[in-house]
Amino acid sequence: MSPKPHVRKRYWNEPEMGWYERAYLFEILRGLWITGGVFARNMFKWMTGRKGALTTYYPEETRFDYAKGNRGKHVLTRRPDGSPQCIACNMCATVCPAKVIEIEAGFDPDDAAHPKYPVRFEIDYSRCVFCGLCVEACPEDAIRMAKEVPALPGDDRWAMWLGKAELLEWQPQADVAKPYPPAPPRAKTGERP
Amino acid sequence: MIADLVIALLFIGYAISVLMGFGTILTWVERKQAAVMSDRIGANRAYIRIPFTQVKLVWWGLFHGMADGLKMLLKEDFKPRTYDWYAYAVAPWVVFTPVLLVFAVVPFGGNLTPAALWAPLGEWFGDKSYPMQIARLDAGLLIVFAFSGLTIIGAMLAGWSSSNKFSLLGALRAGSQMISYELVLGLTVLGLILIYGTVDLDAMVRHQSGTVLGFLPAWGIVYQPFAATLFLAAAIAENKRIPFDLPEAESELIAGYFTEYSAMKMGLFMFAEFIEIAIIGALFTTLFLGGYNLPWMSDAGFALPGGAAVAMPHGAVVVTQLGTFLLKVFVVCSFQILIRWTLPRFRYDQVLTFAWKFMLPLAVANLCVTAVAVWWIRS
């Protein structure tokens, strides 16, 4: 039995090449013209003291065009007396898909309303995916996410853990305006609550 | 006698430092140029800290080459358990050495007359004049082809002695590809030999310092633009770089014939590749771009097309020629890097088809036309 001759499959979108493309050299020159042009343009920018690249020097230079809805940093809210609202129920730690939240619960017999409080509350920002599920899971509105991004780039990943103190005290301007408990919506005509 | 030796050593030192310098600088140029071509910044993290201070010298990432070298020197020199250890160990050197040797016949400047440079030197050197070239050989171009042909042996040895199928495949590809393109390379240059009537590279450069039609510099690229294009393409294929990097073809063969090499042995292969870029630049400059002379320039000075002549002191001529040669070589190197970061890789059958069915007929046609034209003009 003679083997079946190999028939190359013809695809519907195969490019058709005319003599111009087949001559090869012209298309090469066109490609070189494009890349050379980009090179010349960027090089001219660099030499005249401007930046000729689209990328950023990451740790020194962070991008300014984060999306409007970007939430990059966790905030632990406080009660009026300054204690954290967190009741150490571990719901955020349970729901966290990246498993970055670690909470150690403590017992405070003096506070009858909230006997359970977090002794440690730590977030590993080197692994956090900023999904916001912890905020949704929280029954006490104790954790929120603010628009700012943590300025954490560094050489040491152990320095990327943020503890309770930072999370409590780090109060960005955008978040301070939100009081707890939330103020009742003002009923003014023509204005959103 | 001693004076000749001193001059020879001086030239050898200059040539080696130029080649090593180009090899080192080109790694940086390749990175940075690729980055700038694609809207990126490029390698910029390696720095040298001045001791006892916090001053970090980054210098646009220039020290990444040093970091590379250190890495290669300090890495484990892994050796496969091969049945031919000697061939395995000697192969990188067989690739590396001929590349350096090719430069011996390339003139990097005109004549150097020490006495004209500085009068007190005349007491020692007399009025002797030295061509700025390590070996002034009549057979210059033949030597170039003889030595650059040797690198095939290194690639084949490396692939064969590694006892690795990927290496062997890469070596076979390297062998067939380099032999094919060497043919094209030789045929493109034959046209120039017909025109200049010599294979002495220095004589070729001197031929190119005149003019054509009264105003064009008589460069090889003006006589043989077609051959220049073919020469550059074949030379890049000889160097086994993208778009002709089938012997390495990372996506198919890991690293081709140096898959089993590590540390500085691999570094030698890489370094040979970068130096060969400079060698190709030097050869292209010498054959097609008027060598070490600026347009309308010769050892005496400028002879501008309007009839005006500008005489230059000997020192200025020497410096201009050395600088011009380096600049031309650098431009050609940069153009090769532009090609490398623009074109995609060929398929293997396309590489050989391209050599035998496209470039070889074109080179032969070019040669025939040149031969007829030269015969027509001479008779």
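For chain A, A:86, A:89, A:96, A:128, A:131, A:138 stand unpaired, since no other cysteine beta carbon lies under 4.7 Å from theirs.
On the basis of the beta-carbon distance and an R0 of 25 Å, residue B:356 and residue A:24 show a calculated FRET efficiency of 0.95. Test of understanding: extend the Cα→C-beta vector of residue B:85 to 7 Å, then name every residue of segment B:155-181 with backbone N under 20 Å from that spot. Under cut-off, by backbone N: B:157-164. Given 10 Å bins starting at zero, what is the percent of C-alpha pairs of segment B:110-169 in each, up to the one with the largest pair distance? Percent of Cα pairs in each bin: 19, 22, 18, 17, 13, 9, 1. Cross-link check: pairs A:73/B:71; B:56/B:79; B:240/B:328 evaluated at a Cα-Cα cut-off of 32 Å; pairs beyond the cut-off: A:73/B:71; B:56/B:79.
Subtracting the Cα-Cα distance of residue A:114 and residue A:43 from their residue separation scaled by 0.36 nm leaves 19.2 nm.
Working from the pairwise distances between different alpha carbons, so that the mean of 1/r is found and then inverted, what is chain B's Kirkwood radius in Å? Kirkwood hydrodynamic radius for chain B: 22.4 Å. Of the three principal axes defined by the Cα atoms of segment B:197-321, the extents in descending order read 60, 33, 23 Å. Give me log10 I(q)/I(0) at q = 0.10, 0.17, 0.19 Å⁻¹ for chain A, Debye formula, one equal scatterer per alpha-carbon, no solvent. Debye curve over Cα of chain A, log10 I(q)/I(0) at q = 0.10, 0.17, 0.19 Å⁻¹: -0.67, -1.18, -1.35. Taken one residue at a time, the phi angles of segment B:2-9 give Karplus couplings (6.51, -1.76, 1.60, θ = phi - 60°) of 4, 4, 4, 4, 4, 5, 4, 4 Hz. Gly and Pro are set to x. Percent of alpha carbon pairs in segment A:74-171 separated by more than 15 Å? Value for segment A:74-171: 60 percent of Cα pairs lie more than 15 Å apart. For residue A:53 and residue B:1, a Förster radius of 45 Å and the Cβ-Cβ distance give a FRET efficiency of 0.20, rounded to the nearest 0.05. Put simply, the convex hull of the Cα atoms in segment B:155-257 casts, on average, a shadow of 7.7 nm².
A quarter of the convex hull surface defined by the alpha-carbon atoms of the protein assembly as shown gives 47.9 nm² as the mean projection. Where Rh denotes the Kirkwood radius from the mean inverse Cα pair distance, what is Rg over Rh for segment B:13-52? Across segment B:13-52, the Cα-based Rg/Rh ratio is 1.15. In this simple spin-label model, placing a label point 7 Å from the Cα along the Cα-to-Cβ direction at both residue A:17 and residue B:59 gives a separation of 4.5 nm.
With r as the distance between the Cβ atoms of residue B:335 and residue A:99 and R0 = 56 Å, compute the FRET efficiency 1/(1 + (r/R0)^6) and round to 0.05. Efficiency at R0 = 56 Å is approximately 0.60.
A short reminder: the numbers here are calculations on the coordinates, not readings from a lab. All values derive from a computational prediction rather than experimental measurement. Cβ coordinates were reconstructed from backbone atoms using ideal geometry, including for glycine residues, and neighbour counts include every protein chain displayed.
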